[in-house]
Structure formats: C-alpha cells, structure tokens
1. On the given criteria, is residue 19 buried (at least 20 other Cβ atoms within 10 Å of the Cβ), in contact with a helix residue (DSSP H, G or I) (Cβ under 6 Å, 6 or more places away or on another chain), touching a residue at least 24 places away in the same chain (Cβ under 8 Å) and not in a loop (DSSP other than H, G, I, E, B)?
2. Restricting to segment 175-187, name every residue that is farther than 24 Å from residue 13 by Cβ and surrounded by fewer than 21 Cβ atoms within 10 Å (Cβ to Cβ).
3. Just name the residue that is surrounded by the fewest Cβ atoms within 10 Å (Cβ to Cβ) out of those in segment 59-75 that are under 18 Å from residue 8 (Cβ atoms) and touching a helix residue (DSSP H, G or I) at 6+ places or on another chain (Cβ under 9 Å).
4. Anything in segment 171-203 that is out of contact with any helix residue (DSSP H, G or I) (no Cβ under 9 Å at 6 or more places or on another chain) and outside any helix (DSSP H, G or I)? List them, or say none.
5. Among the candidates 41, 56, single out the residue that is in a helix (DSSP H, G or I), over 16 Å from residue 193 (Cβ atoms) and either in contact with a helix residue (DSSP H, G or I) (Cβ under 9 Å, 6 or more places away or on another chain) or in contact (Cβ under 8 Å) with a residue 24 or more places away in the chain (or both).
6. Scan 13, 8, 47 and give me the residue that is closer than 24 Å to residue 174 by Cβ and outside any strand (DSSP E or B).
7. Exactly one condition in (1) farther than 25 Å from residue 22 by Cα; (2) within 17 Å of the chain's Cα centre (by Cα); (3) buried (at least 18 other Cβ atoms within 10 Å of the Cβ) is not met by residue 165; state its number.
8. So, in segment 25-38, of the ones that are in contact (Cβ under 8 Å) with a residue 24 or more places away in the chain, more than 20 Å from residue 85 (Cα to Cα) and over 18 Å from the mean Cα position of the chain (by Cα), which residue ends up surrounded by the fewest Cβ atoms within 10 Å (Cβ to Cβ)?
C-alpha cells in the first residue's frame, strides 16, 4: 500500500486520482498508525518551505518519518516542495529541512531577466544515470513544473535527471530509498503515470 502523507499541503485529490488512473493501490492519510504501516510513502507539497516544515512539526510527523525512512528504509517519493523539504535548508525560509539529502534548496538565478519566475509549464528531463524509478523515461519525457526554487545537490551521485530553464537544475534525485522529483507527476499525464508505476513497483 502506498500512503500519500496528508500534512496539510499538496494536491492530494489530484495525486490520489492519478494513482487510481495508474491502478496503484493508495490512500491519503494523516494518521500516524496508518502511515507507519506503509509499504511506500509519497510526500507531496505545494507552498513555502517553512510552512511545509512547520506543518510536519505541528503534526509531529518528523520523528515518525525519520524512523520509517532512515531506520526502516521505507521507500519515499517527495514531489516538488516534498523533495525540497528533504534538503538541509532553503533560501526561501529559516527553518531546517529534513536533511535526508546532502543538498540545499535555492532560488532560481537566471541569466535573462526577461525569464519569468516561477518556472511554470512543461519541460523535458535529461536522465543522467540509470535507475528503476526512471525506467522507460529516458530523454523523451516531458513533465509539468511549477516552482521558484530548486534543489542544489552537494553530492552528484544523488542526481538522476536534470532539466533546463535558463540554467540546468536537478529534476530527479535519489539516495537509497529516498527519491524526489521537482515536477508534478500527478499533472504529467502518461509520463507521470509511468513514473508513479515505477515507484510503486520498486522492491
């Protein structure tokens, strides 16, 4: 069972609908007992970094997630803000992140002042290393992005794919059982469905 974590942020309805369309057994839950029994976890997110960390803290989810992800090695997929929260900190806020990835979340610094922030719309990804999460998605895949910040990794081995918007930025990251995508698979049609199926099928 895939549990979509409800911490007050994220397109939960859209995420659940996409899981159903992808024939993946999933539920949305904020219940610690339910989350603790998950085979896999999804950490969605729309909003600001500090709001996300504060929401997790207020629901006392941080110790639970640390236990499941770091100790029990439950696979987790962070989506957009969800991936950013996995970093150590963000230029967007003052709170510390979960710190699961050796990375920091930074604001777009674009070479052309005419380019709009946030980066919004469809964009291709470039796969930089093979991984089951991206099976069948090499170099032909377009995903839907909405973000003003991106995750700058301090460990190149954690980068699975990049995208380009004025600069190259990290679109997909991984560290053992911890995975994150900067785009929204729930808005990315067949490519998002394929990625979510890949995640659901991971051993």
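1. no
2. Those that are farther than 24 Å from residue 13 by Cβ and surrounded by fewer than 21 Cβ atoms within 10 Å (Cβ to Cβ): 175, 176, 177.
3. Within segment 59-75, the subset under 18 Å from residue 8 (Cβ atoms) is 59-65.
Filter once more, keeping what is touching a helix residue (DSSP H, G or I) at 6+ places or on another chain (Cβ under 9 Å): 59-62, 64-65.
On the way: 59: 15, 60: 9, 61: 19, 62: 14, 64: 16, 65: 21.
In this case the residue turns out to be 60.
4. Within segment 171-203, 171, 176 meet the criteria.
5. Just a single option satisfies the conditions, and that option is 56.
6. Residue meeting the stated conditions: 47.
7. (2)
8. Ranking the candidates gives 25 first.
Rule-based calculations on the coordinates, nothing more; no lab input. The structure displayed is predicted, hence computed values, not measured ones. Neighbour counts are summed over all protein chains in view; Cβ atoms, including those assigned to glycine, are modelled from backbone coordinates with ideal geometry.
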